[in-house]
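Shown next, in C-alpha cells, is the structure this report addresses.
The values are calculated or read from the model by the stated rules, or taken from the named source; none is laboratory data. These numbers come from a predicted model, not from an experiment. Here Cβ is always computed from backbone atoms with ideal geometry, including for glycine, and neighbour counts include all displayed protein chains. Side chains are part of the model used for accessible areas, which takes the heavy atoms of the whole protein and leaves out ligands, DNA and RNA. Shrake-Rupley method; radii C 1.70, N 1.55, O 1.52, S 1.80 Å.
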Amino acid sequence: MGAQQSVNAGKAKVDMQVDLTHMLCEALLLPPLRSSSVALSQIVGRISLKHPSLFGRSEKLDVILDKGINDSNVVVAFRRPRPEWLSQQSFVIQHSMTPEVAVHGFPADNFTRSGSRGINLSRLSFGLELNEPATSNWTSGTSVKFEHIRPVNNQGRSIARDHDGFPLTCSGNLHDNMIILKQESGYADVNDNSFLKVNFQMEQGLPLVPKSLTFNRVKCAVSKGIKLGPTFLVTSLTGGSIVGDMAPYQAFAIGGLGSVRGYGEGAVGSGRLCLVANCEYTIPLAKHLEGSIFMDCGSDLGSARHVPGNPALRQGKPGFGIGFGYGLHFNTDLGQIRVDYAMNAFSRKTIYFGINSSGGS
C-alpha cells in the first residue's frame, strides 16, 4: 500500500513510491500505547530507478533507495543479459544504516518491546550474485561479496564498544571486514489443498583478506500448510547455527513478528543457535474475513553465553519464550490487513497491525 508514480525519461523508467506497508506492522503496539512519532518512524519511503538497456544491449540497471526516519538502504544492481538456461549474473552494491536493537536493545514492558541503546550498524557490501534457472520446484542462488560493517552511534560517529565496555565487533576495532560465500536453495510444492516450502541458507566467511572473519552460518526454514475442510493449518520450524569467528551482531535474534509474537524484536534472546516453531490455524468467518489462533515458541538452546560479550544475558533476556493469541485478517484490494492479539509468558499483551500487500497469508 502506498503512493506510486512512474516517469519515463528516455529509455529509463523512474518509479517513485511511498511505501506505508514495509515496516508498518510494528507501528502500533499495545500496551503501552506508543507515541505517534514512534509510529511515524516506521513509515518507509522508496524511490526506484530502472533502466532497461543501459549500454544498448539489454543491460539492466536498478537503483533502489529506502529511507525511514531511523534507517536507510541503498541498492545498486547491474544485470547482464544471458540465455535463460544459464545462471543470471548481477553485480550488486549495497549500503544500509539500521538501529541495532535485536541483539543490543534492552527488553522493556515485560519483554513486549525492545528499547534502543543508541547503537546502529553501517553495512557496505559489493559482490556478484548468480541465480540458477528454476527447475521444477527448486530454486538456487550463489553469491560472493565483500562486506564492511561499522557500528556507529546516533550522531554517526564510529564506536567500538557498547555502554558496558564490551566490544561491538569481532576484531575489537571500529569495523569488521569479511568476504562471504553464500549458497541459498529453496523448494516449494503448492496446490489447492496444501503446500510445503523449504529454504536453506549457508554463509561461509573466507579468510582471503587480513583480519577477515572466518565462520560458517547456516539457517533452515520449513513450513507446511494443509487444508482441513474450510479451515487451514500452517506450521513452521526454523533453526540456525554459527561456528567460528563471530561478532555480536551476527547472533540469531529471537522474538518479534516472524519469530515469537508477544515479544519485542530480539527480546527472547540471541545466540549462536536458534530454534523457532510457529503454528497458526485459520478459520473463514465471512467472504473477506478470516479468524486465526496461533502459538509461537523459540529458544537460543543455551547458546547465548557463547556470543562475545554475552549481550543477551547482560540484558536479562530469558533465552526461551512462548507466545499465543488470535487475530483477524481482512482481505481487501490493497492486500490483507492483519490484526493480531498476542500474549507472552509474562501475561503481557500486544496488538500487532500489519498489511500484507501480496494479499495472502
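So which strands (runs of 3 or more DSSP E) stay within the stretch 165-279 end to end and still have 3 or more residues that are of a type outside the set (S, T, N, Q) and under 20 Å from Asn137 (Cα atoms)?
Per the criteria, 176-190, 194-206, 215-228.
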- Message: Which condition from (1) more than 30 Å from Ala247 (Cα to Cα); (2) in contact (Cβ under 8 Å) with a residue 60 or more places away in the chain is the one that Ala102 breaks?
- Response: (1)
- Task: Go through Arg123, Arg117, Arg157, Arg161 for me and flag whichever is without any contact (Cβ under 8 Å) to a residue 40 or more places away in the chain and in contact with an Asp or Glu (Cβ under 8 Å, 6 or more places away or on another chain).
- Result: Arg123
- Message: For the stretch 307-322: of the residues being touching a residue at least 60 places away in the same chain (Cβ under 8 Å) and outside any loop (DSSP other than H, G, I, E, B), which is surrounded by the fewest Cβ atoms within 10 Å (Cβ to Cβ)?
- Response: Arg314
- Query: Within the stretch 103-112, can one find any residue that is open to solvent by 70 Å² or more (accessible area, probe 1.4 Å) and acidic (Asp, Glu)?
  - Reply: no
- Mind counting the residues in the stretch 151-164 that are in a strand (DSSP E or B) and open to solvent by 70 Å² or more (accessible area, probe 1.4 Å)? 1
- Note on the structure: If we ask which residues in the stretch 74-115 are of a type outside the set (S, T, N, Q), over 30 Å from Ala160 (Cβ atoms) and not in a strand (DSSP E or B), their number turns out to be 8
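Residue-by-condition table, conditions (1) closer than 14 Å to Phe146 by Cβ; (2) over 23 Å from the mean Cα position of the chain (by Cα):
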position	(1), (2)
Phe166	no, yes
Asp176	yes, no
Gln183	no, no
Gly186	no, no
Leu196	no, no
Asn199	no, no
Met202	no, no
Gly205	yes, no
Leu208	yes, yes
- Task: Determine the pairs where a residue that is open to solvent by less than 30 Å² (accessible area, probe 1.4 Å), located within the stretch 210-223, has a partner that is in a strand (DSSP E or B) and of a type in the set (D, E, K, R) with Cβ atoms under 9 Å apart, the partner being 6 or more residues away or on another chain.
- Result: Ser212/Asp176; Leu213/Asp176; Phe215/Glu203; Ser223/Lys197
